[in-house]
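Quick note: the coordinates plus some simple rules give every number you see, no bench work behind them. Note that the coordinates shown come from a computational prediction; the quantities given were computed from them, not determined experimentally. When we count neighbours, we look across all protein chains shown, and the Cβ atoms used for this are built from the backbone with ideal geometry, even at glycine.
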Amino acid sequence: MTEKLVTLNEISISPLKFRKSENSIIKDLSLEIYKGEFLGVIGKTGSGKTTLGKLFNNMLPVNLVLKKGTIAYEIEKGESINQKLKGNIVSMVFQDPITSLNPLQTIKDQFILILNRRFNYENDQVIIETKRWLNKVRVSNALNKYPHQLSGGQLQRVMIALAIAIKPKLIIADEITTALDANLKYEIINLLNVLRLDSKITLLFITHDLFLAKQFCDRIAILKEGKLIEINYASKIFKKPQEVYTKKLISQLNASNIKRKKKKGKRKDIILKVNKICKTYKTQKVLKSVSVSLFENTTLGVIGESGSGKTTLAKIILNITSSDSGTIKFHKWENKVSAVFQDSFSSFNPKMSIRDILLEPLNILKATNKKSKVYSLLKRVRLKSDILKRFAHEISGGQRQRVSIARALLIKPKILVLDEPTSSLDIDVQDSIINLLLQLQQEENLSYFFISHDLSVIKRVSDYVAVLYEGKIIEKGVPNEIFKNPKENYTKQLINSAYDINI
């Protein structure tokens, strides 16, 4: 790694309205990226990771301005950066593939559009190239399908194929594994790595997944509040981090560092009993005689890969979806169940202010003292009252999830169904949300049915763990037993994909 591809020199990016240095999103950042390297960029929400990625691709939003600094690409003489950067020299794979693809066009049509524009191919030649790349990313059956007909993992494979098919020199991968389970995350990044090595492409991997960064990156750059505070080879970052912030991030990765206070007291009563639940969609059996119990003031953690039936089980408990057979029995608290979903943004009405979102369940229940209840809960979830005037798109992911928790608690539930509540959040924000949930559980005597593919989160919050695989509960027990001595091969594989004991 000696030949440079791109050099950033003292880059500062600020909102258009605020030109002062203290308001900069990126602050005096200098960075060299070498040809053929796999460079990881790590930092919490608001650190400037995505803004940096968009700068490379000439995609800065209109409300941001490059205040100072230069970006220089090592390209062939006579090539125009402005004309040939996006979609030629640089391509990008985004976090949410479903919003990156046109829902009205098949995958074939979208390849035709992009490759015609890039290479002036005839349609027949584009189809040959499309089939070749879809075969390489192992989704050869996607050619004539629409985006909504593919799973999240399949969509991300299509996006990788699109990104590499234009033969760029640099690919920006922005949080592309956030919503994927541990096994699928590894598969997707390993696939991208194999293809970029084969095509001799440089990769900028923006992530908050430290385990993947450690496994795949040549070098890692740590961003904090818009500043590059540390950059080094991945092995050195994890063995001898220099900055306190980096040390804190790495300490959160090790499974052995994630501990939970043991609860004391008498044996708990069963508050929810799921008995032999079965569910079939068309010809696919999604749930196969699933039985689990949730005890009072405890957390049942449910883990499993995408498509294992976790969310379907949650919907049946919430009476959003009916089961084909089996029973759901609530003890004492049948009407006291609420939910917090994975995507807080899409679970809110974008036309409603946060005030209206929180008042809505109270209006439906014809509650009294509504305003005082809203203000009281905001304080409980550690949000300031001025957030009530804002809309969902005007607040951060962590703030939205706090609002989701507040909304769920307004009906004073005894059971909270939490479906991937931290999966789209970075480690620092995850930590604060988990601490909040654990505190609220003790204060309100809540029981949590907690679904996640993040094993470190499940280990931290759970009193009991159930492993769901292909619609069946294949293993259950207390966290220490499941994580230290898993019995099933699938559970062992899942744990090995998520934890690195050699940090």
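By how many nm would the segment from Glu122 to Thr283 grow when fully extended, if each residue of separation counts as 0.36 nm and the alpha-carbon distance is taken off?
On the way: separation 161, 0.36 × 161 = 57.96 nm, distance 3.96 nm.
54.0 nm is the gain from fully extending Glu122 to Thr283.
By how many degrees, 0 to 90 and rounded to 10, does the Cα axis of helix 489-498 deviate from the longest principal axis of the chain? Helix 489-498 and the main axis of the chain meet at about 60 degrees.
The antiparallel fraction among DSSP beta bridges confined to the chain stands at about 50%. Helix 354-364 against the longest principal axis of the chain: what's the angle in degrees, Cα atoms only, rounded to the nearest 10? Orientation of helix 354-364: about 30 degrees from the principal axis.
Calculate log10 I(q)/I(0) of the chain for q = 0.06 Å⁻¹, where I(q) comes from the Debye formula with a single equal point scatterer on each Cα and nothing for solvent. Each listed q maps to, in turn, -0.31. Label positions at Val194 and Glu225, each projected 7 Å from the Cα along the C-beta direction, are separated by 4.3 nm.
Quick one: work out the % antiparallel among DSSP beta bridges in the stretch 268-498, nearest 5. Kindly include the intermediate steps, with their values, before the conclusion.
Numbers: 19 of 36 bridges.
So the antiparallel bridges amount to about 55 percent of the total.
Taking the longest Cα principal axis of the chain as reference, the axis of helix 427-444 is set at about 10 degrees.
Comparing Ile415, Leu113, Ala163 along the charge dipole axis of the chain, the residue lying farthest to the positive side is Ile415, per the Cβ-charge model. The Rg/Rh ratio of the stretch 268-498, with Rg taken over Cα atoms and Rh as the Kirkwood radius over Cα pairs, comes to 0.97.
Our estimate of slack between Thr178 and Glu470, defined as 0.36 nm per intervening residue step minus the Cα-Cα distance, is 103.0 nm. With 0.36 nm allotted per residue and the present C-alpha distance subtracted, the Ser376-Lys35 stretch has 117.3 nm of extension available.
Tell me the Kirkwood hydrodynamic radius of the stretch 108-189 in angstroms, computed as one over the mean inverse distance between distinct C-alpha pairs. Please report the intermediate quantities before stating the final value.
On the way: mean 1/r = 0.0752 Å⁻¹.
The Cα-based Kirkwood calculation yields 13.3 Å.
Only Lys, Arg, Asp and Glu carry charge here, each on its Cβ (+1 for the first two, -1 for the last two); on that basis the stretch 268-498 has a dipole of about 740 debye about its Cα centre.
Relative to a virtual label point 7 Å from the Cα of Lys167 in the Cα→beta-carbon direction, which members of the stretch 109-124 show backbone nitrogen distances below 12 Å? Residues 118-121 fall inside that zone. When +1 charges are put on Lys and Arg Cβ atoms and -1 charges on Asp and Glu Cβ atoms, the dipole computed for the chain relative to its Cα centre reaches about 1660 debye. Sorting 447-454, 347-354, 199-206, 188-195 by average packing, meaning the other beta carbons within 10 Å per residue, from highest down gives 447-454, 199-206, 188-195, 347-354. Dimensions of the stretch 82-236 along the principal axes, based on C-alpha atoms and rounded to the nearest Å, stand at 49, 36, 28, largest first.
Using just its DSSP H runs of length 4 or more, each adding -39500 (n - 2.57), the chain gives a mean residue ellipticity at 222 nm of -10500 deg cm²/dmol after division by all residues. Working from label points 7 Å from Cα in the Cα-to-Cβ sense, the His148 to Ala367 distance is 3.4 nm.
Ordering Ser199, Ser251, Thr298 by Cα displacement along the dipole of the chain toward the positive end leaves Thr298 in first place; charges were set at the Cβ atoms of Lys, Arg (+1) and Asp, Glu (-1). Approximating the spin labels as points 7 Å out from Cα along Cα→Cβ, the Asn319-to-Ser346 distance works out to 2.5 nm. What separates the Cα centres of the stretch 183-226 and the stretch 295-370 is a distance of 35 Å.
Beyond a 29 Å Cα-Cα separation, which of these cross-linked pairs lie in this structure: Lys279/Lys336; Lys329/Lys371; Lys268/Lys310; Lys268/Lys484; Lys27/Lys239; Lys145/Lys167?
Numbers: Lys279/Lys336 24 Å; Lys329/Lys371 34 Å; Lys268/Lys310 24 Å; Lys268/Lys484 24 Å; Lys27/Lys239 27 Å; Lys145/Lys167 24 Å.
Exceeds cut-off: Lys329/Lys371.
For the listed peptides 238-248, 162-172, a ranking on the average number of other beta carbons within 10 Å per residue, highest first, reads 162-172, 238-248.
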